[in-house]
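Next up is a structure, given as structure tokens.
Computed from the coordinates by the stated procedures, all read-outs in this text should not be read as laboratory data. Computed from a prediction, not measured in an experiment: that's the story for all the values here. Because the Cβ atoms are built from the backbone with ideal geometry, glycine has one as well, and the counts that use them run over all protein chains shown.
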Amino acid sequence: MTCTAWKDFKKGDDFVYVIQLDGIRGKREENRMRKYFESWRYRGDGYDPSNKVTTLFFHKMFPSEDEWKSWARSFPHILVEVGKSGKRKPYKLGFDYINSPRRKKNV
């Protein structure tokens, strides 16, 4: 499964982020992801019958970009954030951040 996120727009002082989950195989994995994103708003889905995979879209408001990064760094899958130009942001999120050897870990 691949996860991609981007900042959709700014509403007042809040930032709206969208997350796209690609390559979800089977109903069990889909239900697990829907449950994980219960606090997010459902935005849509898609299905590829040739590969039998589902794509889900969710969005949520965050009060600041730091709040978004904090959530994204704790996400238990590989997550990539893309900017307006479509290029990948240079910082690590999700599983890449959790497993980073340079990250300070609380002992």
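Quote the charge dipole size of the range 2-98 about the Cα centre in Debye, to the nearest 20; the model charges only the Cβ of Lys and Arg (+1) and of Asp and Glu (-1).
With only Lys, Arg, Asp and Glu charged at Cβ, the dipole is about 160 debye.
Of the listed peptides 3-13, 38-48, 58-68, what is their order by residue-averaged count of other C-beta atoms within 10 Å, with the highest listed first?
58-68, 3-13, 38-48
Need one word for the range 2-98: rounded, prolate or oblate. Basis is the Cα gyration tensor (sqrt eigenvalues a ≥ b ≥ c); a/c below 1.5 gives rounded, then a/b vs b/c decides.
prolate
Past 18 Å, Cα to Cα: identify those pairs from K27/K60; K7/K69; K7/K60, in the order given.
K27/K60
Between R41 and K69, with labels modelled 7 Å along Cα→Cβ, what's the label distance in nm to one decimal, could you check?
Roughly 2.6 nm, to one decimal.
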